[in-house]
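Down below is the structure, laid out as structure tokens.
Read-outs: derived from the displayed coordinates by stated rules, not from any lab. Only a predicted model underlies this, so the values are computations on that prediction, with no experimental measurement involved. Quick reminder, even Gly has a Cβ in these numbers, built from the backbone with ideal geometry, and neighbours come from all protein chains shown.
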Amino acid sequence: MTGLPLYDRDGAKNRVPASNMKLLTAVAALRAIGPETRFDTRVLTGPSPSTIILSAGGDVLLGDGPSQPSEVLGHAGLETLAADAAKALQDRGVKGPVTVQLDDGLFTGPALNPAWSLDDVAAGETAPIFPLALNSARTSPGATTGPRPQDAALTAAQAFAGKLQAAGAAAGFTVVPGVERAAAPAGKQDVLASVASATVREQVDLMLETSDNYLAEVFGRMAALSAGKPGSNDGATAAVSAQVGELGIATDSMHLADVSGLALGNQVSARQFADVVRAITSGPDTRLRAALAGFPVAGLTGTLGDRYADATTSQGAGLVRAKTGTLNSVIALSGYVVDANGRLLVFSFIGNGLTPGAAGNKVALDRSATALASCGCRAG
């Protein structure tokens, strides 16, 4: 890749990018947190022998059942965590009743971004952001639409308490109904049990492939914390912008209202997205290669799985790899393709002010990407 532009039309003009924002967030997560990092959910000793604290560590892909090491969603399971905690309590001679508290103070600031449409929240596009959740704050692993829990951390903690009650019956203790929030006492606490998430690399790929808004927002906050910033929306946007800037990409004109792309206040140019894709595919920071597997493949996977099926785009199927973006009047596609001459091309197409739901919106972008796949492109 030479880095020379083959075509540019208003490439430096700011646009609302929709979910293409997640490309910036992926870069920030891989750089600030690290591809092989895992998030721990721990059970700590509390202020009394019969009080335990469920400590949130940023894993929002917890499963309700046993841990599933081969999965990303559900890699860490509450049933496994509860069983391990019950054994630790039994080994310590705790007879109960055991009180479960929740410490989810890792994130600060408003849990719900005021820049988001309340209609989008009601539709389940996102939810208040917490550092602990089951199924990425969905009601079940297979749910991809519909209302979400509005307090994902407490919902997960209550599910844990239920699992602990079941495990405690065999271990000789009971669990007090209900869960209350409480900060873990200052100083070192004993860890009774712990489960670890899938790696950041694996979670980033899931975020990009499925365009998971909730996971993106959590990544932004975790990246902020890793960079010494507050785990808030403002911390997240600042951290993402800073990480992109450290790649040598100009960010002065960029404005981030969130890090998932739901907010209409986001302003990023197509040129900046193309530069980010180039950094991922062929830049000097090899940590970013971890995001490549997450790009949806035209006609095959993720948010491109049901596209590139007609005669005008089918030649791009299996070749175009790109992150999608869709809002009411916004559509975007940023990614890469190897052309007919074997050259790696990166691209970013962003349309704003479109007729909502118009049938030709997505097809226009898909045809453009397909044209790149079939051309022998040269810089002119």
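Brief remarks on what is shown
- Amide proton proximity set for SER334, modelled H, under 5 Å, gap of 5+: LYS323, PHE349
- ALA364 versus ASP8: modelled label distance in nm, points set 7 Å from Cα along the beta carbon direction: 2.2
- Charge dipole magnitude, Cβ of K and R +1, D and E -1 - segment 40-198, Cα centre, debye nearest 20: 460
- Modelled this way, with points 7 Å down the Cα-to-C-beta line, the labels at VAL191 and VAL338 are 4.2 nm from one another.
- By DSSP, the beta bridges lying fully in the chain are antiparallel in about 70 percent of cases.
- Charge context of ARG38, other residues only, Cβ under 15 angstrom, K/R +1, D/E -1: -4
- Built amide H within the under 5 Å cut-off of VAL175, gap 5+: VAL98
- Lys pairs under 18 Å by Cα in the chain, provided they are eight or more residues apart or on distinct chains: 5
- The distance from the alpha carbon centre of segment 125-167 to that of segment 177-200 is 16 Å, rounded to a whole number.
- Residue order, fewest to most beta carbons within 10 Å, for VAL176, VAL218, VAL121: VAL176, VAL121, VAL218
- Near the amide H of ARG181, within less than 5 Å, lie the amide hydrogens of LEU102, all on another chain or at least 5 residues away, with H placed in the peptide plane.
- Among [x] 68, 50, 36; [y] 57, 51, 49; [z] 77, 40, 38, the entry derived from the coordinates for Cα extents along the principal axes in Å: [z]
- Normalised contact order of segment 40-198, rounded percent, pairs of Cα under 8 Å and 6 or more residues apart: 36
- Among PRO149, THR126, LEU102 - extreme Cα towards positive end, dipole of segment 40-198, charges at beta-carbon: LEU102
- Mean residue ellipticity (222 nm) of the chain, computed from DSSP H runs ≥ 4 via -39,500 (n - 2.57), nearest 500: -10000 deg cm²/dmol
- Dipole of the chain, positive end: most advanced residue of GLY93, ALA250, SER55 [Cβ charges, Cα centre]: ALA250
- Result for the chain in a Gaussian network model with C-alpha springs under 10 Å: among GLY261, GLY96, GLY63, the largest mean-square fluctuation is at GLY96.
- Contact order normalised by residue count of the chain, Cα under 8 Å, 6+ apart, percent: 23
- In plain terms, if you count all Cα to Cα distances in segment 203-274 and split them into 5 Å steps from zero, the share in each step is 3, 18, 24, 27, 23, 5 percent.
- Assigned charges on the beta-carbon of Lys, Arg, Asp, Glu; segment 138-238 dipole about Cα centre (debye): 200
- When the chain is described by a simple charge dipole with +1 on each Lys and Arg Cβ and -1 on each Asp and Glu Cβ, the residue from ALA239, GLY357, CYS375 located farthest towards its positive end is CYS375.
- Restricting the trypsin sites (Lys or Arg not before Pro) of segment 180-232 to loop positions (DSSP other than H, G, I, E, B) with no more than 11 neighbouring Cβ atoms within 10 Å leaves LYS188.
- Euclidean distance of C-alpha centroids, segment 278-305 and segment 347-378, integer Å: 18
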